[in-house]
Every structure is written in C-alpha cells, then in structure tokens.
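The values are calculated or read from the model by the stated rules, or taken from the named source; none is laboratory data. Bear in mind the structure is a predicted one, so any value in this text is a computation, not a measurement. In this analysis, Cβ positions are derived from the backbone assuming ideal geometry, glycine residues included, and neighbour counts consider all displayed protein chains. Side chains are part of the model used for accessible areas, which takes the heavy atoms of the whole protein and leaves out ligands, DNA and RNA. Shrake-Rupley method; radii C 1.70, N 1.55, O 1.52, S 1.80 Å.
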Amino acid sequence: MKKFNSNQILFVLGVVLFASCTGGTQSEKTQTLKDAFAGRFYIGTALNEWQITGQDSASLEVVKEQFNAIVPENCMKSVEIHPAEGEFDFTLADQFVDFGEQNNMFITGHCLIWHSQAPEWFFTDSLGNDASRELMIERMKTHIHTVVGRYKGRIKGWDVVNEAIMEDGSYRNSKFYQIVGEDFIKLAFQFAHEADPEAELYYNDYNEWFPGKRDAIVQLIRSLKSEGIRIDGIGMQGHIGLNSPSLESYEEAMVAYAGEGMKVMVTELDMSILPNRRQDVGADISTKIEYEKELNPYTDGVIPQEKQDEWDARMVDFFNLFLKHADDVSRVTLWGVSDRDSWKNDFPIHGRTDYPLLFDRNFQPKSVVAKIIQLTKEE
Ligand code: GLA
C-alpha cells in the first residue's frame, strides 16, 4: 500500500482545513440569488432605517451577498425627506445611496409623488386651506428638482408617481388630483426628467392586474409618450397572497406594459402566508377573538409542511413567470430582507406573524431560495 510522507499529509490537512474555513469548495457552495439571476434581471430588496444606518448588520450581510439592487422602504417618502416647507432631511437617504454605490448596486429612488406618507403642509396654504393649483405645482417642482437633483447620476431610476389610479381605471381622488388635476402625473415626470435627464422614470402601483387599472395605465403610458414625456417602466408592486392574483392576470398585465415599450419591474414582492381577511368580511363581531386567532395561526414559527409547500410552489410559479418574460423584466425587488422586517406582520391586521419573504427571522435562506435558483439552471 502506498505510504504518504509527512508533507503530503500536511498538504491534505491544509486543503481540508481551508475548505472548512471557506464553507466548502466552490461546487458545494450554494449559489446566491444575484449570481443566479445575473444576465436576466436585477434582484433587489428594500432597505429599512436599521439596515441603512448599519445597526442591523446581520441583514446587511444578506443584502450584500444576495442582492444587487436596492430601494429605500421609507426614507425617501416626502414626509421623511421633506418634513417642512424648505426643510429637507437627507440623512438616511444619503447613507442609503452611499451603501448602494459602495456595493455596486442598482439604486432606485422611491417615491416622489404619492398621496400617502406625504406631509400635511404640502397640500395646504398658510391659512390652512387647500393650496392653490399654482402653489401645488411649484411645490412639486421644488420637491422633485431638489430630491432628484441631489442624487443626479447616482440614483438610476425613480418611482416618480405611486398609486394614482384605482382598480376601475379612474384616477385616485388624492389631493394631487383634486388640486392639480390629472396633469399632475405628467408634470411629475417632466420635473423628474429636468432634474436628471439620464435617470429612468417609472410609474408604480399595486393591483395592476385588475383589467380596468391595467388598461388605464396603458392609456397613461400612451398619453405621456404622445406628449413627448419620458417614461421608462412600470413598477408592479407584488404584494400578493396565496390565492390572489392569478398568474394569468399578472402575466397579462406584464405583457400589456411590455407591449407599450415599458420595462417591467416587480417592485415590492412579498407573499403573505396568512389567511386573507377579505374572506372573512361580514364575520359577526362577537366572534372577533376567535377570528383574530384564526387569522394569525403561525405565531410559534411552525408552519405546516403542506402550507409551506403551497407557498413555495406559488413563489416558484411567479419566478418562473418572471424568467419567462426576462427580456422585459428588468428587476425583481423583494419588499424587505427577512420575515422579521416585513410590513405584512402589521397589515392588514396589526401584530400578526407573517412569513412573506425569502429569508427567515434568523436571516437564513428559506427552502424556496434553492428552488428559485434551481429554475435558472433548467432554462
Ligand atoms: C406601498 C408603497 C410602499 C410601502 C408599502 C407598504 O406599496 O409603495 O412604499 O409603503 O405600500 O409597506
């Protein structure tokens, strides 16, 4: 039998030690999301305040390892970044952009004009009455020029207008619409383009698979384009559930927007695993406690395997759809890193324990991660 000399034994031991320190040989390593989807679309996540300031370092490790695109969950919304007239707070937004640049990520700004998380002053005059149309337009212009201008050339794409159209295709009756009229959308895109002519500009909304809403957005794209206004893409918020929307209706909307020459972005993907309250509308108030318990069934972290399988399978179906349309889909962004951080724990019912994202509360990849990575190898 061949004998090994001490040098050979030391070499073998060294290789074994090196492999265990580095987590195994390359072939044994699990591929990351960003490597798996490279060449297809960006895979992104929203960052919250604790991540942006570096306090949640465990999340940041996942972000750096797995994602190549970021969007701020809250810090660029007008109530945060422009709390009083003439007063901007860029503290978090600056750190957010620095982080993205340091890690070579595609940075999206979110969001310039939105009826929600907007400061009260934006809509009122010095007497407390509704601002005039002229004043509102001036404020929109200042807001957009200042925020977009500050990150010119650094933020590559902006959600310019968020959630302006209703499911039936009508305009949302927001203060922007009431005071400025439907032109507020056009003006917002125009101001954003003036502030950074190179930046991509997007319209972002939820439930865009509703036919009325989908068709109205198609009309909006056409009307902006016919007036020579830049619009590059449609952000489809992906706040989905186990039963809705259907893959078909989601796909129809993707195809409709792509057909107008738009980049399609899945901008806020999360999928609740919890029962949907809407199915319980009309529940007798006296049964509320029981219903609340029923609507929050996995507080101890244990999800029945068949429920987890159902969730995984549906997430896989959606990623399959995104891959099928990878020529049109430019980015898929999760609305948060780990289940611990998700807004779905508090919406539509406060204080629930939901599991809507790709990483668990200990920042470990959930079973679905390997499955969606596997999809990229089957094409
Ligand atoms: C909308 C907004 C997001 C976020 C979610 C809820 O989808 O676009 O910024 O506020 O609601 O977290």
Using the Karplus curve 6.51 cos²θ - 1.76 cosθ + 1.60 with θ = phi - 60°, what ³J(HN,Hα) values do you get for each residue of the stretch 157-163, in whole Hz, with x for Gly and Pro? x, 10, 6, 7, 10, 10, 6
Could you rank 91, 108 by how accessible they are, 1.4 Å probe, largest area first? 91, 108
Under 5 Å between amide H atoms, partner at least 5 residues away or on a different chain: which partners does residue 45 have, H built in plane at 1.01 Å? 69, 70, 71, 334
Could you pull out every one of the aspartates and glutamates with an alpha carbon less than 15 Å from that of residue 371, ignoring same-chain neighbours closer than 8 positions? 35, 309, 310, 312, 317, 379
Express in % the proportion of alpha carbon pairs of the chain at distances exceeding 30 Å. 45 percent
Put a dot 7 Å past each Cα toward the Cβ at residue 145 and residue 246; how far apart are the dots in nm? 4.9 nm
Filtered hits (aspartates and glutamates, Cα-Cα < 16 Å from residue 156, offset >= 8 within chain) -> 94, 98, 101, 194, 196, 198, 200, 232
Note, the stretch 69-84: 3J(HN,Hα) by Karplus (6.51, -1.76, 1.60, θ = phi - 60°), whole Hz, Gly/Pro = x, goes 8, 9, 9, x, 5, 9, 5, 9, 5, 4, 5, 8, 8, 9, x, 9
Near the amide H of residue 124, under 5 Å away, which other amide H atoms are found, from residues 5 or more places off or on another chain, if H is placed in the peptide plane? 131
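Using just the helices of the chain, give the 222 nm mean residue ellipticity in deg cm²/dmol: DSSP H runs with n ≥ 4 each add -39,500 (n - 2.57), and the total is spread over all residues, rounded to 500. The partial results should precede the final answer.
Values: 13 runs with 150 residues, N = 379.
One gets -12000 deg cm²/dmol as the mean residue ellipticity at 222 nm.
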State which entries of 64/377; 186/377; 307/377; 34/175 exceed 32 angstrom in Cα-Cα distance in the structure shown. 186/377; 34/175
